[in-house]
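> Just dropping this structure here.
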Number of protein chains: 2
Amino acid sequence: MIVRRYKEMLEEKSVIRTLSEIAAKRAEKIGKENVFDYSLGNPSVPAPAAFTEAVSSLLSEKDATQLHGYSPTLGIPSVKARIAASLNQRFGMHYGPEHIFPASAAAAAIAHALRAVVEPGDEVLTIAPFFPEYRPYVELAGGVLKVVPPDTGAFQIDFETFASMLGPKVAAVLINTPNNPSGAVYSAETLRRLARIMTEKSEEYGHDIFLISDEPYREIVFDGKEQPYVSSFYANTIACYSFSKSLSLPGERIGYLAVNPACPDAALIVNMCGQISRGIGHNCPSSLMQLAVARVLDRTADFTVYERNRNLLYDCLKEIGFEVVKPQGTFYIFPKALEEDAVAFCQKALEYDLVLVPADSFGCPGYFRMAYCIETEKVERSLPVLRRFAREVYGK
Amino acid sequence: MIVRRYKEMLEEKSVIRTLSEIAAKRAEKIGKENVFDYSLGNPSVPAPAAFTEAVSSLLSEKDATQLHGYSPTLGIPSVKARIAASLNQRFGMHYGPEHIFPASAAAAAIAHALRAVVEPGDEVLTIAPFFPEYRPYVELAGGVLKVVPPDTGAFQIDFETFASMLGPKVAAVLINTPNNPSGAVYSAETLRRLARIMTEKSEEYGHDIFLISDEPYREIVFDGKEQPYVSSFYANTIACYSFSKSLSLPGERIGYLAVNPACPDAALIVNMCGQISRGIGHNCPSSLMQLAVARVLDRTADFTVYERNRNLLYDCLKEIGFEVVKPQGTFYIFPKALEEDAVAFCQKALEYDLVLVPADSFGCPGYFRMAYCIETEKVERSLPVLRRFAREVYGK
């Protein structure tokens, strides 16, 4: 009596994981430094020293039974208060601790948000290109994922199609800006238009439509710009945040869900998250991690390396003749492949020890993703290889 | 569109939580030292110094991007290998790393185990008295919880009733030894008989019946005795372990699931857990915590205080005239109330600032639980109050 659903999931293996396994095997053979692995979004810049110092001080200052004691179901109150204060100061919001739910990074925040507002059979709209893990998050919450085709011109939103797909069965819209994989940053204009359409449709159908905003890359924006704060555009917004990228702590599974105080059900949703956690045995993130990140909320790792890598890759890809939109944030770039079948394209690139990810599972066939959260020196060494690959295989 | 199920759960508040809130309010009024709060199972002895040292060394020795990097979906291989080796050495088992799944404490391990072997509508049997959180774990995994009434003589298992309830719809049996709330330790004889019945019924029905063994108190056994290792009695056993009590780290959410290598589907179940995690956005426990506990696997906090408290309380309760079985482990004692309605009994005790938990939600009405993971000095001060309460209200 093994549950079929999860057994079957094992058979649909993640492309990214498969590719990174191939890369790891190849690295064993020819040396890690000779494989140009652009497959994984694992930060390459270290956590800021202030974070390590925060952990060390907590260990020496606090009584161990208190420090490692149970977190309340809804999170440690002082941590929630600090997160609210930081968001209010940075984005002019009005969060209280009752609007914040510490979660095991954005993945858990999204999974909780979906369980709070999506009844079985409800639709969830997302915009291509999108992070492929949205599919299991939505489906295992009982929802049905519907994908709005990409606006490949600027990787903002094709609003005509979006509006036509926003039917009465849609309970939530799930967006991600700065965007994995395109590197696009939704503009204030995009967010205003999104909010306007969602407000109109909510009124037309007579029920709330929630905006679930996946924001792990919120601070990684280039050229001195900033990501307009999504929740400030639409009342029924649930922001799902992670410190995985901002503090380079992906393995510590720490983030939070923040429900816009303008949402009439805000405090209720946070309370419900506590019940959702009970059922999945999830409970709160590590007490030590909650307390540690609360001490360095407004710090980030040093992102200059990502911007440098973005510039190097973008210039090279353009020069080769790739069709590519300049990323405004994240650590991804998302060019069009040099043949229609991006899977075949990435297969061929593998022979040059270039590990690229075809974007079929991101809802954008014909494109591929490069995660450039690697050392700049390696990016530099990969450029002549990219050029040789394009020339030898595609005559570019 | 707020999901009804979780909203409704909010209305059924946990008795334990309500009581501990009352205790906290009362403490504000008369001082924490004057409230005898026996409601919460929050360890009072600190984590061993070796654990804090392990965290500190990891922070100083390891490169931050590695230390805080993503854990593989199935856990950090070196951590899994160490856990397997420790279990093999201590219990004569034959685990490999492929049988171990690091989980966010026993709650998450149980939630994963249930999702791996319980199809919607399947029955899960547990034995009263049982930890009330089993109900949301089972129900939100889609199962139906059936409770075998308690053997109040020794808090082992009433096998006649157990066998009659083990019908063809039962997918799993969920046990907890040493037991919360009774403090009973299932004997080798109990475990052998349990295994025999489960084996017979599996054969009769032609399908596997899994044993899910909740083991957070495995090391807290008194009088120099040991808990016989449950998995060694039955092939299809999934052990759910937590370091919350053994290392006094309840807030760090760290434990594991270990599938008996004798179970034909062992490695498959661990792989499925990775898929279950994807769907609930749970992923792995903190990388730092995985690495830290792996360095102190065979250590424990100092449990002598629990044994001392057990002795003090047991002797006093017996002397007063309570009907009570001597706990062999955990940090709970489970006497029969002095009137039929344990809720009324505990209400009356509150007036003496004694916070006791009625066992209705543990499946054992008429009994109450005392969690004696508090300072011995406080236990000592509570004894005359207990005596006065029993004398004044019940003439004992």
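Only the coordinates and a few stated rules stand behind these numbers; no lab work does. Since this is a predicted model, take the numbers as computed values, not measurements. Every residue, glycine among them, receives a Cβ derived from its backbone with ideal geometry; neighbour counts consider all protein chains shown.
> Taking 2.2 N^0.38 Å as the expected size of a compact globular protein, what ratio does the Cα radius of gyration of the range A:61-294 give against it, to two decimals?
0.98
> Please report the net charge: other residues with Cβ closer than 15 Å to the Cβ of residue A:170, K and R +1, D and E -1.
Counting the neighbours of residue A:170, the net charge comes to -4.
> Cross-link partners among lysines for residue A:378, C-alpha distance below 25 Å, same-chain residues fewer than 8 apart left out?
A:25, A:29, A:32, A:245, A:318, A:326, A:336, A:348, A:396, B:62
> So who's got an amide H within less than 5 Å of the one on residue B:248, skipping anything under 5 residues away but keeping other chains? H placed 1.01 Å off N, in plane.
B:301
> While we're here: Determine the shielding of peptide A:61-68 by partner chains: average, over its residues, the number of Cβ atoms on other chains within 10 angstrom of each Cβ.
Average neighbour count from other chains, rounded to a whole number: 6.
> Still on this structure: What whole-number distance in Å separates the alpha-carbon centres of the range B:76-92 and the range A:286-315?
Result: 35 Å between the Cα centres.
> With contacts defined as alpha carbon pairs under 8 Å and 6 or more residues apart, what's the relative contact order of the range A:61-294 in percent?
27 percent
> May I pose another question? Once phi is turned into ³J(HN,Hα) by the Karplus curve 6.51 cos²θ - 1.76 cosθ + 1.60 with θ = phi - 60°, what whole-Hz value does each residue of the range A:309-317 show in order, with x for glycine and proline?
Those phi angles translate into 5, 4, 4, 4, 5, 4, 4, 5, 5 Hz.
> I want the local charge near residue B:99. Using Cβ-Cβ distances under 12 Å, sum +1 for each Lys or Arg and -1 for each Asp or Glu among the other residues.
Residues near residue B:99 contribute -1 overall.
> Quick one: Karplus J couplings for the range B:98-115, per residue in order, coefficients 6.51, -1.76, 1.60, θ = phi - 60°, nearest Hz, x for Gly and Pro?
5, 9, 10, 10, x, 9, 7, 6, 5, 4, 5, 4, 5, 4, 5, 4, 4, 5
> Right, something else. Above 23 Å lies some portion of the pair distances; for the range A:69-157, what is it as a whole percent of all C-alpha pairs?
44 percent
> At 37 °C and a viscosity of 0.692 mPa s, what translational diffusion coefficient does Stokes-Einstein give for chain A, taking Rh as the Kirkwood radius over Cα pairs? Give it in µm²/s as a whole number.
150 µm²/s
> If we hang a label 7 Å off Cα along the beta carbon direction at residue B:28, how far is it from the matching labels on the other copies, in nm, shortest first?
List, nearest first: 6.0 nm.
> State, to one decimal in nm and shortest first, how far the label point of residue B:339 sits from each corresponding label point in the other identical copies (label point: 7 angstrom along Cα-to-Cβ).
8.4
> Another question, then. What number, rounded to the nearest 500 deg cm²/dmol, is the helix-based mean residue ellipticity at 222 nm of chain A, given -39500 (n - 2.57) per DSSP H run of at least four residues and division by all its residues?
Mean residue ellipticity, 222 nm, calculated: -13500 deg cm²/dmol.
> Continuing with this model, one more query. For helix A:77-91, what angle does its Cα long axis make with the longest principal axis of chain A, in degrees from 0 to 90 and rounded to 10?
60 degrees
> Specify the inter-centroid distance of the range B:122-140 and the range B:188-210, based on alpha-carbon positions, in whole Å.
Result: 19 Å between the Cα centres.
> HN-Hα J couplings of the range A:186-197 from phi, Karplus 6.51/-1.76/1.60, θ = phi - 60°, integer Hz, Gly and Pro as x?
In residue order, the calculated couplings are 5, 7, 4, 4, 4, 5, 5, 5, 4, 4, 4, 5 Hz.
> Out of all DSSP beta bridges with both ends in the range A:173-288, state the antiparallel percent to the nearest 5.
Of all bridge pairs located within the range A:173-288, approximately 40 percent are antiparallel.
> Tell me, what is a quarter of the convex hull surface for the C-alpha atoms of the protein assembly as shown, in nm² with one decimal?
Mean shadow area of the hull around the Cα atoms is 33.1 nm².
> Here is a further query. Give me the extension gain from residue A:24 to residue A:267: residue separation times 0.36 nm, minus the current Cα-Cα distance, reported in nm with one decimal.
Here the segment from residue A:24 to residue A:267 would lengthen by 82.9 nm.
> Continuing with the same structure: Can you run the Rg to Rh ratio on the range A:161-222? Use alpha carbon positions and the Kirkwood inverse-distance Rh.
Here Rg/Rh amounts to 1.01.
> What residues qualify as long-range amide H neighbours of residue B:325, i.e. H under 5 Å apart, gap of 5 or more or another chain, H built at 1.01 Å from N?
Correct list: B:334.
> Under 8 Å for C-alpha pairs, at least 6 residues apart: give me the relative contact order for chain B, rounded to a whole percent.
With pairs under 8 Å counted, the relative contact order is 23 percent.
> While we're here: Say a label goes 7 Å from Cα toward Cβ at residue B:160 in every copy; what distances in nm does this one have to the rest, shortest first?
7.8
> Amide H of residue A:357 versus every other amide H placed in the peptide plane: which residues, excluding those fewer than 5 positions away on the same chain, fall under 5 Å?
Distant-sequence amide H within range of residue A:357: A:369.
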